[in-house]
Amino acid sequence: MKNTKEHAARTVSLVYQCRLPLSTSTVNHLADLLRRHLKAIRSRWRALPPGKIAVIVLAVLRHDQRLADMAGGNDVSETTVRRWRDELIALLAAKAPRLDRALKKIVKRGGEVVLIDGTLIPTQRRTGKENRPNYSGKHHRHGLYFLALTDERGCLIWISAARPGRTHDITAARRDHIPTHLQDAGLGALADLGFLGLDDDPDAPVVVTGFKATRAHKVTTSEKDANRVLAAGRAPVEHGFAHLKNWRILTKLRTDPTRATHLLRALLVLTNLEINR
């Protein structure tokens with residue numbers, strides 16, 4: 001038997017094409033945003049042109065492509081792709097609307113109510129005491145909680161900061177002073193039973209939540225009808241979350257939880273660009 005150090009076949013780097021289901025206007029918007037940023041910081045050089053960088057970052061966000069795979073397919077380093085991703089996420093997040101300004105836009109359009117709901121974005125399970133608050137007993141998994149507002153059609157208008165997964169709906173709404181902002185704007189809100197008790201004004205409630213059965217009180221027929229009407233009015237908020245979660249990077253967040261707020265707000269801007277194109 002003869003020993004040899006020769007390989008049976010050489011290792012070949014394979015690259016495949018993948019369709020990106022986004023509009024050209026979204027890619028151009030992101031590329032223009034990067035061009036203006038480079039001009040502002042007086043940076044004249046990048047390894048790839050802004051249009052190509054925009055496509056790479058959108059592929060990472062939309063398809064949850066691994067940074068190393070995108071780097072190898074474009075002859076750059078993984079660190080470079082990570083820097084591009086974080087740079088564009090920060091630029092997009094800065095364009096996300098503030099709560100008070102978002103509500104004013106609804107009023108200018110003639111809107112009367114908004115839809116409010118919370119959602120859990122799954123994350124990796126990390127060890128340590130600091131990660132225990134991220135476990136949601138309701139969903140039986142680790143994640144980060146976000147509160148969002150949509151208009152009557154289900155178009156996302158605002159998203160809150162990231163909070164631990166065990167955060168309750170009412171707690172998040174009170175920390176963001178949702179009832180106060182709604183009163184200042186002259187708007188009402190439709191919410192599910194998770195927000196029951198957020199607005200204690202029985203005469204002129206700002207947040208309408210429906211009726212809940214208890215041991216001492218059974219829901220009457222009229223209350224059931226009111227709950228059905230409320231559920232029908234709240235249905236579009238689920239469409240808003242569905243559009244947001246089309247970005248597969250949210251399937252399971254692997255980024256630092258401290259950066260999750262910027263990521264969600266950047267995706268909010270991109271989602272609205274796609275819907276309103």
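One residue stands out among those in the stretch 217-257 that are farther than 19 Å from Ala96 by Cα and basic (Lys, Arg): the one that is least open to solvent (accessible area, probe 1.4 Å), which is Arg234. So is Arg62 charged (D, E, K, R), crowded, with 16+ Cβ neighbours inside 10 Å and out of contact with any Asp or Glu (no Cβ under 8 Å at 6 or more places or on another chain) or not? Taking the combined requirement at face value, the residue satisfies it.
Number of residues in the stretch 140-163 that are within 15 Å of Ala93 (Cβ to Cβ), assigned to a loop (DSSP other than H, G, I, E, B) and open to solvent by less than 10 Å² (accessible area, probe 1.4 Å): the value is 1. Considering the conditions (1) modelled with pLDDT of 90 or more; (2) of a type outside the set (Val, Ile, Thr); (3) open to solvent by 50 Å² or more (accessible area, probe 1.4 Å); (4) farther than 14 Å from Val237 by Cβ, Gln124 is excluded by exactly one of them, (1).
If you go through the stretch 65-88 and keep only what is open to solvent by less than 20 Å² (accessible area, probe 1.4 Å) and under 18 Å from the mean Cα position of the chain (by Cα), you end up with just Leu88. Cβ separations smaller than 9 Å between residues 6+ apart or across chains give no pair from the stretch 85-108 residues that are touching a residue at least 12 places away in the same chain (Cβ under 8 Å) to residues that are open to solvent by 40 Å² or more (accessible area, probe 1.4 Å) and of a type in the set (Ser, Thr, Tyr). Just one of the listed residues (Asp86, Asp69) is among the charged types (D, E, K, R) and farther than 13 Å from Leu263 by Cβ, namely Asp69.
The values are calculated or read from the model by the stated rules, or taken from the named source; none is laboratory data. Since we're looking at a predicted model, the values are computed, not measured. Note: ideal-geometry Cβ built from the backbone for every residue, glycine included; neighbour counts use all protein chains shown. Accessible surface areas use protein heavy atoms only, side chains included; no ligands, DNA or RNA. Shrake-Rupley method; radii C 1.70, N 1.55, O 1.52, S 1.80 Å.
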